[in-house]
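Visitor: The structure follows.
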Amino acid sequence: MSESSTDARREDEGTAVEAGTLATQRFSESGKLHGMDVSQERVSAIAGEAIQAINDVAVKHSVTYDEYNALKAWLIKVGTDGEWPLFLDVWLEHTIEEINSVERPGAIGTIEGPYYVPNAPEMATPATLEMREDEEGTPLKFTGSFKDTSGQPIKDAVVEIWHADAMGFYSQYAPELPKWLFRGVVLADEDGNFEINTMRPAPYQIPTDGACGQLIAAAGWHAWRPAHIHIKVYAPGFQLVTQQLYFPGDPHNEDDIASAVKPELMLEPKPRTDGGEGEEAVYNYVLAREGETA
Ligand code: DHB
Ligand code: FE
């Protein structure tokens, strides 16, 4: 997938404002805002030091009024484009995820990103994700298992999976894609094994025509994430892990704009050995029980 052909297709594939507005709306409705534990003491400490850090940067670089006004206009545009979820998930979530997973044994996590949609169709294993007739790309058979930290198989484990298509677009965030394209909630079997048939996703460029794209262009950065499959895994009584899986050799594994790649999250796709077309890859999950720490 060349970078220019993704650019070409993006012209008629919706806008940053549409994707951003949907991501903002979904976040508001996500339930993440219910029962939040945010104390006045913590707000004062964190907001106070964040404001001080920005003031320190302004002093360090002798920020001009033109630069201050460009910042003000840009922050306003992040809001009107609905891009706060994109901005935060690209440039801050990786740190928050790291801080909050240090004590959890088992499978490694990474950022959720802005494009998760709950309540995707449930499927028993072996599952095939929804795709179009003649879906482009390389078929991928993704299999794996669930065990607890003592090596016992886990019952009733679930793999929630979502990823972009072979052009780098996510269903429900780009027009004309089937609603549940490449999204599913797959139930593992009695022994904790799963099989998911899908297509290898393409590298993904964060929207270039909104506020985040404007910042990237103004700074001379690039907008790419390596190809990735988003996953949430869980089972009753176990801690949920949100992660992404990546493909070796992707040019953006080393310079992911969202800083979300970790060596433990590399798949090793191989040609299929069962006579089927495409590739197969295995990822085995160890889940920690609720309250279990490293
Ligand atoms: C963004 C998109 C993704 O698919 C992802 O995994 C992380 C961030 C974004 O557009 O901000
Ligand atoms: Fe993504």
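Visitor: Please list the non-local residues whose amide H lies under 5 Å from the amide H of Arg183, H modeled 1.01 Å from N, same-chain partners needing a gap of 5 or more.
Guide: Here the answer is Glu130, since their amide H atoms fall under 5 Å of that of Arg183.
Visitor: Please list 3J(HN,Hα) in residue order for segment 221-226, calculated via the Karplus relation 6.51 cos²θ - 1.76 cosθ + 1.60 where θ = phi - 60°; whole Hz, with x for glycine and proline.
Guide: 8, 10, 10, 8, 10, x
Visitor: Also: Looking at segment 200-294, which GluC sites (Glu not before Pro) are DSSP coil and have at most 16 other C-beta atoms within 10 Å of their C-beta?
Guide: Hits after loop and neighbour filter: Glu254, Glu277, Glu290, Glu292.
Visitor: So which of Lys147/Lys232; Lys179/Lys262; Lys72/Lys232; Lys141/Lys262 end up more than 25 Å apart by C-alpha?
Guide: Lys179/Lys262; Lys72/Lys232
Visitor: How much of the pair distance distribution for segment 11-294 lies past 35 Å, counting alpha-carbon pairs only, in percent?
Guide: 22 percent
Visitor: State the Cα centre-to-centre distance between segment 215-282 and segment 54-92 in whole Å.
Guide: 29 Å
Visitor: Among the trypsin sites (Lys or Arg not before Pro) within segment 86-157, which fall in a DSSP loop and have no more than 14 other Cβ atoms within 10 Å of their own Cβ?
Guide: Loop-located and lightly packed - Arg132, Lys155.
Visitor: Then there's this: If I model a spin label at His34 and Trp221 as a point 7 Å from the Cα along the Cα→Cβ vector, what separation in nanometres do I get?
Guide: About 3.4 nm separates the two model spin labels.
Visitor: Counting only C-alpha contacts under 8 Å and six or more residues apart, can you give the relative contact order of segment 176-277 as a whole percent?
Guide: The value is 18 percent.
Visitor: Further, regarding this structure: Looking at the chain as a GNM with Cα springs under 10 Å, which of His163, His222, His230 has the largest mean-square fluctuation?
Guide: Checking each option, the largest mean-square fluctuation is seen for His222.
Visitor: Give the accessible surface of the chain per residue, rounded to a whole number of Å², with probe radius 1.4 Å and ligands, DNA and RNA excluded.
Guide: On a per-residue basis, 52 Å².
Visitor: Run the accessible area of segment 56-102 with a 1.4 Å probe and give the carbon-and-sulfur part as a rounded percent.
Guide: 66 percent
Visitor: So what are the ³J(HN,Hα) numbers for segment 50-58, from phi and the Karplus equation (6.51, -1.76, 1.60; θ = phi - 60°), rounded to whole Hz, Gly and Pro as x?
Guide: Values, residue by residue: 5, 5, 5, 4, 5, 4, 4, 5, 4 Hz.
Visitor: Looking at segment 55-130, which GluC sites (Glu not before Pro) are in a loop (DSSP not H, G, I, E or B) and have at most 11 other Cβ atoms within 10 Å?
Guide: Those that pass, being in a loop and sparsely packed, are Glu103.
Visitor: Using a basic spin-label model with each label point 7 Å from the Cα along Cα→Cβ, how many nm lie between Val59 and Val282?
Guide: Between Val59 and Val282, the simple spin-label model gives 5.7 nm.
Visitor: For the chain, what does the helix formula give at 222 nm: sum of -39500 (n - 2.57) over DSSP H segments with n ≥ 4, over the residue count, nearest 500 deg cm²/dmol?
Guide: Computed mean residue ellipticity for the chain: -9000 deg cm²/dmol.
Visitor: Further, regarding this structure: Let me check against my output: what whole-number percent is the relative contact order of the chain, with C-alpha pairs under 8 Å and at least 6 apart?
Guide: In percent, rounded to a whole number, it is 23.
The values are calculated or read from the model by the stated rules, or taken from the named source; none is laboratory data. Just so we're clear, the structure is a prediction, and the values are computed from it rather than from any experiment. A quick note on method: Cβ atoms are made from the backbone with ideal geometry, for glycine too, and the neighbour counts reach across all protein chains shown. Just so you know, the surface numbers come from the protein's heavy atoms only, side chains and all, with ligands and any DNA or RNA stripped out. Shrake-Rupley method; radii C 1.70, N 1.55, O 1.52, S 1.80 Å.
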